Amino acid sequence: MKISGAEIFIESLKKEGVQHMFGYPGGVVLNIFDKLHDEKGLELILTRHEQGAVHAADGYARATGKPGVVLVTSGPGATNTVTGIATAYMDSIPMVIFTGQVPTLLIGNDAFQEADIVGITRPCTKHNFLVKNVEDLAGVIKEAFYIAMAGRPGPVLIDLPKDVTTHKAEFVYPEDVKLRSYNPTYDGNKYMIKQAAQMVARAKKPVIVAGGGVILSGASKELKEFAEYADVPVTMTMMGLGGFPGSHKLSLGMLGMHGTYYANKSIQEADLLIAIGMRFDDRVTGKIDAFAPHAKIIHIDIDPTSIRKNVRVDTPIVGDVKNVLTVLNKVMKEEVKDQWVEVRKAWTKQLDAWRRERPMTYDRESDMIKPQYVVEKIYELTKGDAIITTEVGQNQMWAAQFFKYDKPRTWLSSGGLGTMGYGLPAAIGAQLAFPNKLVIDIAGDGSIQMNIQELATAVINKLPVKVAILNNRFLGMVRQWQELFFEERYSHTKLDDVVPDFVKLAEAYNAVGLRATKKSEVEAVLKEAFSIKRPVFMDFVTDWQEKVYPMVPAGAAIDNMLFYEEKKKVEKKLKAVK
Amino acid sequence: MRHTISVLVENKFGVLSRISGLFSGRGYNIESLSVNETIDPQISIMTIVTSGDDWIVEQITKQLNKLIDVIKVVDMTELDHVEREMVLIKVSPRQEDKAEVLRLAEIFRGRVVDSSQKTYTIEITGEEKKIEAIVELLKPMGIKEFVRTGKIAIAREGIKKA
Ligand SMILES: Cc1ncc(C[n+]2csc(CCOP(=O)(O)OP(=O)(O)O)c2C)c(N)n1
Ligand SMILES: [Mg+2]
């Protein structure tokens, strides 16, 4: 029996096991939306903006590991998805985005609400398709889900002309996909892995740098086993947080521009870096020529283009992190054994000394609400058992620094693109996937306004996300750079003390709004918010002058850090760096 | 250093812009490009001439391989191979140079494919150096129009000694 393209769409998604998607309707996708009306097994969450839909699907994907699914209309609906798609692409998040398109006969005619979304998203999708015949639809959907998840994951877009949704075809969903042109390498080269094991065994000062790839490949267990067995400390990129327990004694926390002193120090002193599922982003390496000057580098990544892109690599291993670590662990145990116990002692001692020398800290005595204090309190009250999303800016860095992520997929943050407005919709996506979990967006007062309309989505769908706004009345991260590098000339970074009133705004959306203006109120506000089974906005009026430390000025070596403790010295030091 | 890269791709809508977008988006340059169907109409072959140090060319080949529609990438420069390009040159020589134009065409194994009272159109196939040489020699005779294909390349097969 022949069925319509709209029905094929729905049946195909069911075959893929999709239960939830996010979207927004419009003219050319009406046939699909009409079919969704009676559909029981497939729920579409109506967001209030297409960007919100994509970030929500992204949050859903990061929290579950399953691909996020989005359905929007053509033209402005499609172009509104671009920032969300680029965000997912930079962080390798699997997603399938369906955009409506004008009827095939009108394509290229500048028809009403026509946009060349395949052309627009070519550089920010892993792959994209324009479906011209309904006969191809099921096969394309199968391929899209496969490509989104295979190898290094990423967003895939399918453009669906209106007539393709009405034309009919026999529905046959392919069993599997075989692409002669795309065959990712999953198993690492055995010889290289053996060589890596020898290097680990011989190293005197090894450090593991774990990235988002650890989480994407589900390799946290294998990483922990490796680090513990070989007794190697672990630092994480921002994307890698949660890939290794932040509270583990081998954890050095995050490295890079706002990394810990001890993480950055360890990199600069190391004789071996084991880079796992990370890509040496400039926020991680700082001045590239001065990065890890004494270290040999082992680089494990599923994407060959990540290897030798920015740094020289001594032992490249292309493969899935989980597969490679499984073999590496075996080789370590069978062939190299624990010949390193003695040499590690000195290294551990050195690391402990750095930890004591400059622990992560801030002014705990202050009467004002320090944003770090709020984050620490959230950690304390939740005991780390929460899914944290973030916006972008200082809020994001404090959330990365002062909360310890012990489990993968509990830290959802836009790393590569740094997209303000990510956190609230992402929290909605995560909450939909985990209705009983505490999901908290640690937000800035600037960023939250970029997708604030999604509060409606949370309220209406009874998704009780919590938003902790670290309200410094500034585009704080930019202000920090202006303070440090532009003589305190705060050009267009001052927001407003009272606009908007976040408490009233929450109430206008039929959510709950709470505010803390004194340090003593913080805990009570958090406790109350966590006890309410509805979306809550918490407005924490924080010290606007607070800055994110440590900080490596852009372009400096990563051990050339500015510290909170020496505010006055900072300026002098800056001049030297400049 | 210059590299000639052969890229086998699925003959699908939009593949060319994926490839050219990769080059422009990452700041690699394309010196010449030729694209055509292969014997199998589902597959096209592109020959791309680009330049860069080994590091860049390694990235280019990896990035090309990463594109979903790319089946195979071969850096011809690493192999023993044959390269060809073709030009069509329309010259309008003075009366006294006409014989010289025809002589040059012959020396370079060119063919006159069109002529008029005032012009000859000459077709020449060969390696880059040969093409450049004839262009230099014909310039003083008055080149009116000039079109040149991108380079195409094919690997040589080894010969076993009997
Ligand atoms: C969409 C977008 N526009 C601009 C920027 C540049 N940017 C980075 S951080 C930042 C300030 C963010 O302000 P806020 O959300 O209040 O966070 P804070 O740094 O104050 O915690 C800006 C403008 C960005 N990352 N994303
Ligand atoms: Mg702010």
Within the range A:388-433, restricting to residues that are part of a helix (DSSP H, G or I) and within 15 Å of ligand 2 (Cβ to nearest atom), the one that is most open to solvent (accessible area, probe 1.4 Å) is A:397
Residue under question is residue A:54, and the condition is that it be on the phi < 0 side of the Ramachandran plot, open to solvent by less than 10 Å² (accessible area, probe 1.4 Å), in contact with a Ser or Thr (Cβ under 6 Å, 6 or more places away or on another chain) and assigned to a helix (DSSP H, G or I); does it hold? yes
Does at least one position in the range A:467-489 carry a residue that is more than 14 Å from ligand 2 (Cβ to nearest atom), under 18 Å from residue A:51 (Cα atoms) and part of a loop (DSSP other than H, G, I, E, B)? no
Scan the range A:221-251 for residues that are closer than 16 Å to residue A:360 by Cα and in a strand (DSSP E or B) and jot them down. A:235, A:236, A:251
So in the range B:44-53, with the set limited to residues that are away from chain A (no Cβ under 13 Å) and open to solvent by less than 30 Å² (accessible area, probe 1.4 Å), which one is farthest from residue B:147 (Cα to Cα)? B:52
Are any of the residues in the range B:83-101 within 30 Å of residue A:124 (Cβ to Cβ), of a type in the set (A, V, I, L, M, F, W, C) and free of Cβ contacts under 8 Å to residues at least 12 places away in the same chain? no
Against the definition (away from ligand 1 (no atom under 12 Å from the Cβ), crowded, with 18+ Cβ neighbours inside 10 Å, farther than 24 Å from residue A:430 by Cβ and away from every other protein chain (no Cβ under 14 Å)), how does residue A:511 come out, yes or no? no
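Checking the condition modelled with pLDDT under 95, more than 16 Å from ligand 1 (Cβ to nearest atom) and closer than 25 Å to residue A:515 by Cβ, which residue from A:312, A:344, A:364 passes?
Going through A:312, A:344, A:364 in turn, the sole match is A:364.
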If you check A:439, A:459, A:467, which single one turns out to be over 30 Å from residue A:555 (Cα atoms), open to solvent by 10 Å² or more (accessible area, probe 1.4 Å) and of a type outside the set (D, E, K, R)? A:459
For the range B:12-43, enumerate the residues that are buried (at least 17 other Cβ atoms within 10 Å of the Cβ), more than 16 Å from the chain's Cα centre (by Cα) and more than 11 Å from chain A (Cβ to nearest Cβ). B:23, B:28
Output the number of the condition that residue A:357 fails; it satisfies all remaining conditions of (1) at pLDDT 95 or above; (2) among the charged types (D, E, K, R); (3) open to solvent by less than 70 Å² (accessible area, probe 1.4 Å). (3)
Just to confirm my filter: which strands (runs of 3 or more DSSP E) fall fully inside the range A:76-180 and include at least 1 residues that are without any contact (Cβ under 8 Å) to a residue 40 or more places away in the chain and either open to solvent by 10 Å² or more (accessible area, probe 1.4 Å) or not basic (Lys, Arg) (or both)? A:127-130
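The values are calculated or read from the model by the stated rules, or taken from the named source; none is laboratory data. Note that the structure is a prediction, hence the values are computed from the model and not measured. Because the Cβ atoms are built from the backbone with ideal geometry, glycine has one as well, and the counts that use them run over all protein chains shown. SASA here: full protein model, heavy atoms, side chains in, ligands and nucleic acids out. Shrake-Rupley method; radii C 1.70, N 1.55, O 1.52, S 1.80 Å.
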